[in-house]
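Asks: Would you mind keeping the following structure in view while I ask a few things?
The values are calculated or read from the model by the stated rules, or taken from the named source; none is laboratory data. None of these values were measured; they are calculated from a predicted model. Ideal geometry is used to build each Cβ from the backbone, glycine not excepted, and the neighbour counts take in all protein chains shown. In case anyone asks, the SASA skips ligands and DNA or RNA and just uses the protein heavy atoms, side chains included. Shrake-Rupley method; radii C 1.70, N 1.55, O 1.52, S 1.80 Å.
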Amino acid sequence: MTNAAMIDEVAQAANEALRRRNPAAARELFGRLTAARPSDPNAWYGMALACRGLADEAGEGTALDRVLGLDRGHLPALMMKGDGFARAGDGRAAHAFYKAAVARAAGQTNLTPNLRSEIQRAERECQRYAKSYEDHLLQAVGAVGFDPAASSPRFARSLDMLLGKKQIFLQAPQSFYFPELPHRQFYERSEFPWLAALEAKSGVIRDELVALVGESRHWDPYVRSSSRRPHREYGALLDNLDWSALYLINSGSVVAEAAQRCPSTLAALEDVPLTDTPGSMPSVLFSLLRPHVRIPPHTGHTNARLICHLPLIVPGNGALRVGNETRAWSEGEALIFDDSIEHEAWNDSDEVRIVLLFDIWRPELTVEERGLVKAVLGAVSSYSGQPAAWD
């Protein structure tokens, strides 16, 4: 008999000892097997099972560590590690291993019924530990006066992130990144002294828009393909009027005919700190989203600006998500956000949604910094001889 055949016999005997519930014999046999096959995670898992049968927690833990050192996604070993910490009263460690098992199992279609049941148990344990952990933290911050309805919204968001209720989204512009700017998803309307006057003119702006809605020659797909650039990742919305734009100013250049039709709109923007960068920014446009259309998650080209939506036609059943925060449009009430953070939008209604969209300088930039940004973005445009697409 070859050496390999002898080792196979030891493996069969070890598993048979487990089946017959003879953990002492199983541990001795798995000891021989792991010595012969030290890189076999299943041999070490068998050793862990034998040690558990003997209430040898130290041996079980050592064997499981060997399993996971060889195969980090070994689901039964992850579950056993979680169970071990649960028995020891270490809820955070148990939760970590149950959570890892659930994550590893996600999308796997070939799980055995028993393993599927174990993963469902892990999900329940994760929920239980998460609730216990949340209650513990809320009790601690409540003792020093935290009130979710009245305390610092920033702290409330930090707590949601700590508890895994929200993700951490950071600025990730496609082209130009200006460092050390705050990572804020939405800005509040009250922060912009010029905004109330603009919102007050929503009615006349809407009137100019309505006169143009049915004139197809003014509207273009928001995302257009170019022979000079690879296609951007917008799926079916590429070259599609389901998401369309009517530009009054496009990459810093006035679109004469449209601008002539919308004098009140442009006049309403005279006191707005538009990103005046010839050949690059601003863009001022009516952005139309047809019924039951969703714009996929994406990021803009620079974090040196903010995007403003002034909602003009809002049928409801739609919203804008920026990072981990979602806000619905309300006619005449602007939304201002950082589009260098991942964002998406949708219109689940049966009618079109249209906003006036324009970009403004980040309020945190100094006058000097704005001038320098204008120079570098202008240089980007002049280098190629084509307007830079910053929208």
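Asks: Please go through the residue pairs K166/K374; K81/K166; K81/K165; K99/K165 and name each one whose alpha carbons sit more than 23 Å apart in this structure.
Replies: Distance filter (> 23 Å) returns K166/K374; K81/K166; K81/K165.
Asks: Hey, could you get me the Stokes-Einstein D for region 233-333, Kirkwood radius over alpha-carbon pairs, 4 °C and 1.567 mPa s, rounded to whole µm² s⁻¹?
Replies: In µm²/s, the coefficient rounds to 84.
Asks: Next question. Between T366 and S253, take the C-beta separation as r, use R0 = 30 Å, and let me know the FRET efficiency to the nearest 0.05.
Replies: 0.70
Asks: Tell me the net charge near W194. Cut-off is 12 Å between Cβ atoms, W194 excluded, with +1 for each Lys or Arg and -1 for each Asp or Glu.
Replies: -2
Asks: If you place +1 on the Cβ of every Lys and Arg and -1 on the Cβ of every Asp and Glu, how big does the dipole about the Cα centre of the chain come out, in debye to the nearest 20? Write down the numbers at each step before the final one.
Replies: Numbers: 42 positive and 49 negative charges, 273 e Å.
Dipole magnitude for the chain comes out near 1320 debye.
Asks: Something else about it: Say each of R128 and S216 gets a label point 7 Å from the Cα, pointing the same way as Cα to Cβ; how far apart are those two points in nm?
Replies: 6.2
Asks: Give me P(r) over the chain, computed from all C-alpha to C-alpha distances, binned every 10 Å, as integer percentages.
Replies: All Cα pairs, binned at 10 Å, distribute as 4, 17, 21, 16, 13, 13, 9, 5, 2, 0 percent.
Asks: Turning to a different aspect of this structure: Please work out whether region 311-359 counts as rounded, prolate or oblate from its C-alpha gyration tensor, where a ≥ b ≥ c are the square roots of the eigenvalues and a/c under 1.5 means rounded, while otherwise a/b larger than b/c means prolate and anything else oblate?
Replies: Oblate is the answer for region 311-359, as a/c is 1.5 or above yet b/c matches or exceeds a/b.
Asks: Could you give the nm distance between label points at E191 and I168, where each point is 7 Å from its Cα heading toward the beta carbon?
Replies: So the label points at E191 and I168 sit 2.0 nm apart.
Asks: At a 1.4 Å probe, what is the % contribution of carbon and sulfur to the accessible area of the chain?
Replies: Working: 10510 of 20180 Å².
Roughly 52 percent of what the probe reaches on the chain is carbon or sulfur.
Asks: Just to be sure I understand the curve: with the Debye formula and one point per C-alpha of region 312-391, what is log10 I(q)/I(0) at q = 0.25 Å⁻¹?
Replies: -1.19
Asks: Here's a follow-up. Once you've got the GNM for the chain with C-alpha springs shorter than 10 Å, pick whichever of G214, G107, G378 has the biggest mean-square fluctuation.
Replies: G107
Asks: A follow-up question, please. Give the calculated FRET efficiency between R294 and A88 to the nearest 0.05, with a Förster radius of 51 Å applied to their Cβ-Cβ distance. Walk me through the numbers before you get to the answer.
Replies: On the way: r = 47 Å, r/R0 = 0.92.
Approximately 0.65, to the nearest 0.05.
Asks: At a Förster distance of 30 Å, what's the computed FRET efficiency of L138 paired with A319, Cβ-Cβ distance as r, to 0.05? Mind dumping the intermediate values first?
Replies: Working: r = 28 Å, r/R0 = 0.93.
E between L138 and A319, to the nearest 0.05, is 0.60.
Asks: Which value, in debye to the nearest 20, gives the size of the charge dipole of region 170-278 about its Cα centre, when Lys and Arg are +1 and Asp and Glu are -1 at the Cβ?
Replies: It works out to roughly 320 debye.
Asks: What does the accessible area per residue of the chain come to in Å², with a 1.4 Å probe and no ligands, DNA or RNA counted? Please list the in-between numbers first.
Replies: Values: 20180 Å² over 391 residues.
I get 52 Å² per residue for this part.
Asks: Turning to a different aspect of this structure: Which residues in region 141-184 have a backbone N closer than 11 Å to a point placed 7 Å from the Cα of T326 along the Cα-to-Cβ line?
Replies: Residues passing the 11 Å test: none.
Asks: Working from the alpha-carbon coordinates of region 252-391, get Rg over Rh, Rh being the Kirkwood radius.
Replies: Radius of gyration relative to Kirkwood radius: 0.97.
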